[in-house]
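Notes for the one structure printed next.
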Amino acid sequence: MDGRRHAWVGLLAALTVAAGGCPDTGRSGEGVAMPQLDLSAGPAAGPWTAPRPAPAPAPTGGDWADVRGSRRWRYIVVHHSATDSGNAAQFDRIHRAPPNGFDELGYHFVIDNGRGGPDGRVEVGSRWRKQKWGAHTGGTPNNAYNEHGIGICLVGDFRDAMPTRRQLASLRRLVRYLTERYDIPPDNVIGHCDAPNAATLCPGQTFHRYLVGDFRDDLRRYAAR
């Protein structure tokens, strides 16, 4: 283990669950300290209905398709921020600050919801540009879902609601690219809660049902085209 990673062990051992990013307010003592960033009124949570297709906006802040690297990516781990608003820069500051003490943003990508950045914008994290292991699924550095898992965080709280149409369109476009580029099977596209020993409800129960259901089915059809 190199010196850079050795420092992580001491930092993360103090956490009850070292989730590397999204907290889960459904259970006490879970996740990284990540306070609400904006508590102004948002869309009311209610029964979910299948979203209509929406055009995915072009990614800004750097094109993820331009990054090339030799890291062996095997998983895609999807998170929610469990906050009403936010963006990659805000989450980066929270991840670096005590009690978290991360070296940088734990995720590889953040997809904004219009409350902190344009709705559906794909923000490319510094870890992705470096092709660096993630810090989003706990147990860093000895966790395959961090070592070989691409972390994508959608801004929002999806326990009882769904991401916006534009967030879902951007997620679909991004994940299609990543699964094809790195030969990642659809069943390896998981929610944070699907990782072994992940004591969290992230990315929220409502979104998780869609992620492992209709979203994976769409990926399978895309892979078989």
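Table: residues versus (1) of a type in the set (Ser, Thr, Tyr); (2) more than 15 Å from His79 (Cβ to Cβ).
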site: Glu147; (1), (2): no, yes
site: Gly151; (1), (2): no, no
site: Thr164; (1), (2): yes, yes
site: Asp183; (1), (2): no, yes
site: Asn188; (1), (2): no, yes
site: Asn197; (1), (2): no, yes
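For the stretch 158-190: of the residues being among the hydroxyl-bearing types (Ser, Thr, Tyr) and surrounded by fewer than 19 Cβ atoms within 10 Å (Cβ to Cβ), which is farthest from the chain's Cα centre (by Cα)? Let's see the steps before the verdict.
Residues of the stretch 158-190 that are among the hydroxyl-bearing types (Ser, Thr, Tyr), as a first pass: 164, 170, 177, 179, 182.
The next check asks that each one be surrounded by fewer than 19 Cβ atoms within 10 Å (Cβ to Cβ); those that pass are 177, 182.
On the way: Tyr177: 16, Tyr182: 18 Å.
Ranking the qualifying residues of the stretch 158-190, first place goes to Tyr182.
Determine, yes or no, whether Ile184 is touching a residue at least 24 places away in the same chain (Cβ under 8 Å), in contact with a Leu (Cβ under 7 Å, 6 or more places away or on another chain) and over 25 Å from Asp119 (Cα atoms). Working first, answer last.
Values: touching a residue at least 24 places away in the same chain (Cβ under 8 Å): yes; in contact with a Leu (Cβ under 7 Å, 6 or more places away or on another chain): yes; over 25 Å from Asp119 (Cα atoms): yes.
For Ile184, the condition - touching a residue at least 24 places away in the same chain (Cβ under 8 Å), in contact with a Leu (Cβ under 7 Å, 6 or more places away or on another chain) and over 25 Å from Asp119 (Cα atoms) - is met.
Checking the structure you have, find out if any residue of the stretch 129-148 is within 15 Å of the chain's Cα centre (by Cα) and within 18 Å of Arg209 (Cβ to Cβ).
Within the stretch 129-148 (the criterion being within 15 Å of the chain's Cα centre (by Cα) and within 18 Å of Arg209 (Cβ to Cβ)), the answer is no, since none of the residues qualifies.
Among the candidates Phe102, Phe109, single out the residue that is over 24 Å from Tyr210 (Cα atoms) and touching a residue at least 24 places away in the same chain (Cβ under 8 Å). It would help to see each step written out before you state the result.
Numbers: Phe109 fails: over 24 Å from Tyr210 (Cα atoms).
Selected residue: Phe102, the only one of Phe102, Phe109 that is over 24 Å from Tyr210 (Cα atoms) and touching a residue at least 24 places away in the same chain (Cβ under 8 Å).
Could you pull out the residue among Ile152, Ile184 that is within 20 Å of Phe91 (Cα to Cα), at pLDDT 95 or above and not polar (S, T, N, Q)?
Values: Ile184 fails: within 20 Å of Phe91 (Cα to Cα).
Answer to the check: Ile152.
Tell me which residues, restricted to the stretch 210-225, are under 17 Å from Phe158 (Cα atoms), of a type outside the set (Gly, Ala, Ser) and either without any contact (Cβ under 8 Å) to a residue 60 or more places away in the chain or surrounded by 18 or more Cβ atoms within 10 Å (Cβ to Cβ) (or both). So that I can check it myself, show each step before the final result.
Step one: list which residues in the stretch 210-225 are under 17 Å from Phe158 (Cα atoms), which gives 210-215.
This time we only want the ones that are of a type outside the set (Gly, Ala, Ser), so: 210-212, 214-215.
Answer for the stretch 210-225, where residues must be under 17 Å from Phe158 (Cα atoms), of a type outside the set (Gly, Ala, Ser) and either without any contact (Cβ under 8 Å) to a residue 60 or more places away in the chain or surrounded by 18 or more Cβ atoms within 10 Å (Cβ to Cβ) (or both): Tyr210, Leu211, Val212, Phe215.
Suppose the filter is in contact with a Pro (Cβ under 8 Å, 6 or more places away or on another chain), touching a residue at least 24 places away in the same chain (Cβ under 8 Å) and over 22 Å from Arg72 (Cα atoms); does Phe158 pass it?
Details: in contact with a Pro (Cβ under 8 Å, 6 or more places away or on another chain): yes; touching a residue at least 24 places away in the same chain (Cβ under 8 Å): yes; over 22 Å from Arg72 (Cα atoms): yes.
When the stated conditions are applied, Phe158 passes them.
What residue, of Glu123, Glu147, is modelled with pLDDT of 90 or more and surrounded by fewer than 24 Cβ atoms within 10 Å (Cβ to Cβ)? Steps first, answer last, please.
Numbers: Glu123 fails: surrounded by fewer than 24 Cβ atoms within 10 Å (Cβ to Cβ).
Only one candidate qualifies: Glu147.
The values are calculated or read from the model by the stated rules, or taken from the named source; none is laboratory data. Predicted model, so just to flag it, every value in this text is computed and none were measured. We place every Cβ from the backbone using ideal geometry, glycine too, and count neighbours over all the protein chains shown.
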